[in-house]
Amino acid sequence: MREALSNLKIGIFSISIDSLKSDIFEKIRVNGQLEKTLDFLEALINFNNRQDIFDRFQININFVIQKDN
């Protein structure tokens, strides 16, 4: 992942967390896995923090209130 992210020239990376309860997350995000998503988000933040200040990108975490969550 580190090499792939290093080659990207992005300014903003957005990720949606629809629930912090696995069963609800997986209901909203068909085939989604909350643990895998959170692990990726943590790795993304760690990667970004190791970059030079001018090479970092903005990370947006989105959450939309819905009936199911």
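The values are calculated or read from the model by the stated rules, or taken from the named source; none is laboratory data. Bear in mind the structure is a predicted one, so any value in this text is a computation, not a measurement. In this analysis, Cβ positions are derived from the backbone assuming ideal geometry, glycine residues included, and neighbour counts consider all displayed protein chains. What goes into the accessible areas is simple: the full protein's heavy atoms, side chains included, and nothing from ligands, DNA or RNA. Shrake-Rupley method; radii C 1.70, N 1.55, O 1.52, S 1.80 Å.
Brief remarks follow.
- The residues of the chain expose on average 77 square angstrom of accessible surface per residue, using a 1.4 Å probe on protein heavy atoms.
- Remark: relative contact order (the chain) = 47 percent; criterion is Cα-Cα distance under 8 angstrom and separation of 6 or more residues.
- Solvent-accessible area, 1.4 Å probe, carbon plus sulfur percent, for the chain: 51
- Restricting the chymotrypsin sites (Phe, Trp or Tyr not before Pro) of the chain to loop positions (DSSP other than H, G, I, E, B) with no more than 13 neighbouring Cβ atoms within 10 Å leaves F54, F63.
- FRET E, pair I28, M1, Förster distance 22 Å, beta-carbon r, rounded to 0.05: 0.35
- Angle between the chain longest axis and helix 34-49 axis [Cα atoms, degrees, rounded to 10]: 20
- Estimated [θ] at 222 nm from DSSP helical runs (n ≥ 4, -39500 (n - 2.57)) normalised by residues in the chain, nearest 500: -12000 deg cm²/dmol
- Shown here for the range 9-69: trypsin sites (Lys or Arg not before Pro) in loop regions (DSSP other than H, G, I, E, B) with at most 16 other Cβ atoms within 10 Å, namely K9, K21, R29, R50, R56, K67.
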